[in-house]
């Protein structure tokens, strides 16, 4: 059960360039200090996510660290995200120096602002 809840399997990832372009073109976005969250509703599908860092983030080591940070925040909080969206998280330059707590706070804030979080009411 824990593997299912905390895994980030390939079916739940955006991997193709044209899928990223679709989200950029037709989706809406929220901008934060550390990252940008693009989202696009997709009918009758599970939520899929992709992680991107541009050249402005730094060298390969910094970009990889930033992507790992974003993936880990999403992996541990994916049960809070609504189904039926294509999401792309773009890391910005400050993300490579951020701590996990800072990244988590920022990403959850942007997910909440984007109305991607499930409601907490029962």
### Query
Just checking, how many residues over the stretch 92-122 are surrounded by fewer than 19 Cβ atoms within 10 Å (Cβ to Cβ) and part of a helix (DSSP H, G or I)?
12
### Task
State whether one or more residues within the stretch 9-18 are surrounded by 17 or more Cβ atoms within 10 Å (Cβ to Cβ), in contact (Cβ under 8 Å) with a residue 60 or more places away in the chain and touching a helix residue (DSSP H, G or I) at 6+ places or on another chain (Cβ under 7 Å).
yes
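Conditions (1) in a helix (DSSP H, G or I); (2) at pLDDT below 90, marked per residue:
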position: 3; (1), (2): yes, yes
position: 20; (1), (2): yes, no
position: 25; (1), (2): yes, no
position: 43; (1), (2): no, yes
position: 66; (1), (2): yes, no
### Task
Mind telling me which of the residues 27, 32 ends up being surrounded by 12 or more Cβ atoms within 10 Å (Cβ to Cβ), out of contact with any helix residue (DSSP H, G or I) (no Cβ under 9 Å at 6 or more places or on another chain) and in contact (Cβ under 8 Å) with a residue 60 or more places away in the chain?
27
### Message
Take the residues in the stretch 73-89 that are part of a helix (DSSP H, G or I) and within 18 Å of residue 38 (Cα to Cα); name whichever of them is nearest to the chain's Cα centre (by Cα).
### Response
74
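The values are calculated or read from the model by the stated rules, or taken from the named source; none is laboratory data. As the structure is a prediction and not an experimental result, all values here were calculated from the model. Virtual Cβ from ideal backbone geometry, glycine too; neighbours counted across all protein chains shown.
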